Structures are given as C-alpha cells and as structure tokens.
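**Q** Just dropping this structure here.
The values are calculated or read from the model by the stated rules, or taken from the named source; none is laboratory data. Computed from a predicted structure; not experimentally measured. FYI the Cβ positions are ideal-geometry reconstructions off the backbone, even for glycines, and counts take in every protein chain you see. Note: areas computed on protein heavy atoms with side chains; ligands, DNA, RNA excluded. Shrake-Rupley method; radii C 1.70, N 1.55, O 1.52, S 1.80 Å.
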Amino acid sequence: MDLQQEQWWSDFQNDENAVLLDVRTEDEVSEGAIPGAVHHDFYQGQDFLNALENLDKSKNYYVYCRSGNRSGQTCLLMNQLGFENTFNLVGGMNEWEGPTV
C-alpha cells in the first residue's frame, strides 16, 4: 500500500508490530537512513529474495528507498511471497523530512 510520508511515519510509530525496511544500496544508506531500519539492497538479486523470504511474515513492513520506486516493487514482491502488510513510502528519501542517522 502506498502511503504519503506523514501517514507512513505516523502509522509506523504507532505500530507495535512494525519493521522498517530500507531497500537502497550501501552507498545510498551511507548518505543517511531512517533510524532503526533493517537494510537489504534491492539490487542484490537472489540474495535480496532470500533475505525477504527469511523475514517474519507476521510483521508489518514499512518499506522505503530513494524515490519510492524500488520500495513499491519490493512491497509487490513481498505480497507475492505471502506478506500481508507492506507499506511503501511515497517519494522515498528524496522527500523525507523525518529523522535520519
């Protein structure tokens, strides 16, 4: 599900079952990330798929990337793998105004 930044962040903060998932490259992550995010690089092919399959499907995943494109694709992929609750950050880090580390 695509969510605008304000709702995405608010929902994440109020979700006790939430996991923050960053699907950017290492270089992008080094420029700043949202605190507490789990990182799996979208461009790692089979390793990325394996990482997704090893995640807990009972959790709610708040997914982001640089612009919202890779995270949107990741949400679709996760849904196909049996994840029920995935939330894509529209605009990604390009438009992020919240905390970073």
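**Q** Rg/Rh for the stretch 9-56 to two decimals, with Rh computed the Kirkwood way over all alpha-carbon pairs.
**A** Rg/Rh: 1.01.
**Q** Moving on. Out of all DSSP beta bridges with both ends in the chain, state the antiparallel percent to the nearest 5.
**A** 0
**Q** Report ³J(HN,Hα) in whole Hz for each residue of the stretch 10-17, in order, from the Karplus equation J = 6.51 cos²θ - 1.76 cosθ + 1.60 where θ = phi - 60°; Gly and Pro get x.
**A** For the stretch 10-17, the Karplus-derived couplings read 5, 4, 4, 5, 9, 10, 5, 10 Hz, x marking Gly and Pro.
**Q** Here's another thing I want to ask about it. Would you be so kind as to identify which of LEU21, LEU49, TRP9 lies farthest towards the positive end of the dipole of the stretch 1-57, taking Lys and Arg as +1 and Asp and Glu as -1 on Cβ and the Cα centre as origin?
**A** Among LEU21, LEU49, TRP9, the one farthest towards the positive end of the dipole of the stretch 1-57 is LEU49.
**Q** HN-Hα J couplings of the stretch 39-46 from phi, Karplus 6.51/-1.76/1.60, θ = phi - 60°, integer Hz, Gly and Pro as x?
**A** 10, 9, 6, 3, 7, 8, x, 4
**Q** What is the set of long-range amide H partners of VAL63 at a cut-off below 5 Å, with H atoms built 1.01 Å from backbone N?
**A** Residues meeting the criterion, in which the H sits 1.01 Å from N, are LEU21, PHE87, ASN88, LEU89.
**Q** Amide H to amide H, which residues 5 or more places from PHE83 or on other chains are under 5 Å from it, using H placed in the peptide plane?
**A** Sorted by chain and number, the residues that satisfy this come to none at all.
**Q** Express the carbon and sulfur contribution to the solvent-accessible surface of the stretch 1-90 as a percent, rounded to the nearest whole number, probe 1.4 angstrom.
**A** 43
**Q** Give me a comma-separated list of calculated 3J(HN,Hα) values for the stretch 85-101, in order, Karplus coefficients 6.51, -1.76, 1.60 applied at θ = phi - 60°, integers in Hz, x for any Gly or Pro.
**A** For the stretch 85-101, the Karplus-derived couplings read 10, 10, 10, 8, 7, 5, x, x, 5, 4, 10, 5, 10, x, x, 9, 10 Hz, x marking Gly and Pro.
**Q** Averaged per residue, what accessible area in Å² does the chain show with a 1.4 Å probe, protein chains only?
**A** Per residue, the chain has 55 Å² of solvent-accessible surface.
**Q** Regarding the chain, what's the average projected area of the Cα-atom convex hull, expressed in nm²?
**A** Hull-based average projected area comes out at 5.6 nm².
**Q** Placing unit charges on C-beta atoms (Lys and Arg positive, Asp and Glu negative, everything else neutral), compute the dipole magnitude of the chain about its Cα centre in debye, rounded to 20.
**A** Rounded to the nearest 20 debye, it is 200 debye.
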